[in-house]
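The values are calculated or read from the model by the stated rules, or taken from the named source; none is laboratory data. Quick caveat: nothing in here was measured; it's all calculated off a predicted structure. Glycine gets a Cβ as well: all are built from the backbone with ideal geometry, and neighbour counts include every protein chain shown. SASA here: full protein model, heavy atoms, side chains in, ligands and nucleic acids out. Shrake-Rupley method; radii C 1.70, N 1.55, O 1.52, S 1.80 Å.
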Amino acid sequence: MNIDPSRLVDDAAFMRSILESSNDCIKVLDLDGTLIFMNAGGQHVMEVDDFSTLRGCHWPDFWPANGGAKAQHAVESARGGKTVNFEGEAPTAKGSMRYWEVVVSPIFGEDGVPMRILSVSRDVTSRKQIEMQRETLANELLHRVNNTLAVVSAIVSQSLRAASTIADAENSIAGRIRALSRASSLLTQGSTINTNVADIVRESVRPYIDFEARVTMAGGDVELNSRAGSALALTINELSTNATKYGALSNATGSVQIFWETLDDHLRLTWRETGGPAISAPTRTSFGTMLINTMFRQQLGGSVDM
């Protein structure tokens, strides 16, 4: 067979141009998982300044936790002639955590036996974040729907117990459900709307119990933007729901005190329950607690003490 040497050069240059233009991290490994080659696009996405510092490293060691076991299994499978797909988190060379979709396959020699291993990793961090956000939103929606149903049930039962006539019960139930709707609307206001802390607390608590008799609130005139206001409304809703189900507002004698004050550029709000049933330390962290921590610690950069 006669082969034009210039054609070989052209083919090699063409293949190299394909490798260099790809945004996937394309790697060639020895059969034991030692890193031999990484394309330029892969070095960019992996934040590698000098590949020579990585050449000869054991590729599965780049994966933390159980990701290393997945990568090692993929290497062993490719060494046996099989292609393996997996996903996992691993940092770049500069420590930026990314989520990767990986295909590991054998590179066969002329004798049909694997001689090298090809690993192609694609950065799917954005997709994974969207999936996680959707899951969180779905969990939050389910949680809020269940809480709303529990609150409506409590509103109906409390109103019926306190009413002297059916008409009184109907008016009480309707008024409290309207208040619940107004409190919920605080969570969907536009980003340019400011809300007063007193309004947030009042409207968030009003649906749960006879406001004047069972709940005391005090604090200065403080305006919050919609982001902070929504977080506070959601938090007060969680605390009120919990108090109605298990705490001071679940009986006929308990009460709630809510106080807030400004310290420098921070708002400190205190929720205190007295006169409720006996309590014990929880055995697990509820979704409501995680939600409150997320609102204040992650979204607003604040702190929560319970």
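At a glance:
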{"item": "Residues (in contact (Cβ under 8 Å) with a residue 12 or more places away in the chain and either open to solvent by less than 40 Å² (accessible area, probe 1.4 Å) or more than 16 Å from residue 24 (Cβ to Cβ) (or both)) located in segment 74-84", "result": "74, 75, 77, 78, 79, 80, 81, 82, 84"}
{"item": "Test for residue 87: is it part of a helix (DSSP H, G or I) and surrounded by fewer than 18 Cβ atoms within 10 Å (Cβ to Cβ)", "result": "no"}
{"item": "Filter result (surrounded by 13 or more Cβ atoms within 10 Å (Cβ to Cβ) and touching a strand residue (DSSP E or B) at 6+ places or on another chain (Cβ under 7 Å)) within segment 271-291", "result": "271, 273, 275"}
{"item": "Residues that are open to solvent by 70 Å² or more (accessible area, probe 1.4 Å) and outside any helix (DSSP H, G or I), drawn from segment 121-140", "result": "122"}
{"item": "Where a residue in segment 227-248 is closer than 16 Å to residue 185 by Cβ and its partner, wherever it lies, is open to solvent by 10 Å² or more (accessible area, probe 1.4 Å) and of a type in the set (S, T, N, Q), with Cβ under 6 Å and at least six apart", "result": "229/195; 231/299"}
{"item": "When residues of segment 217-270 are limited to those that are assigned to a strand (DSSP E or B) and in contact with an Asp or Glu (Cβ under 7 Å, 6 or more places away or on another chain), the one least open to solvent (accessible area, probe 1.4 Å)", "result": "256"}
{"item": "Within segment 156-203, considering residues that are of a type in the set (S, T, N, Q), modelled with pLDDT of 65 or more and outside any helix (DSSP H, G or I), the one surrounded by the most Cβ atoms within 10 Å (Cβ to Cβ)", "result": "195"}
{"item": "Whichever residue in segment 145-155 is over 17 Å from residue 248 (Cβ atoms) and at pLDDT 70 or above and, among such residues, is least open to solvent (accessible area, probe 1.4 Å)", "result": "152"}
{"item": "Sole exception among (1) buried (at least 17 other Cβ atoms within 10 Å of the Cβ); (2) touching a strand residue (DSSP E or B) at 6+ places or on another chain (Cβ under 9 Å) for residue 57, by number", "result": "(1)"}
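Yes/no per residue for (1) within 16 Å of residue 122 (Cβ to Cβ); (2) of a type in the set (Phe, Trp, Tyr); (3) in contact with a Leu (Cβ under 6 Å, 6 or more places away or on another chain):
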residue	(1), (2), (3)
23	yes, no, no
32	no, no, no
43	yes, no, no
52	no, no, no
57	no, no, yes
75	no, no, no
89	yes, no, no
107	no, no, yes
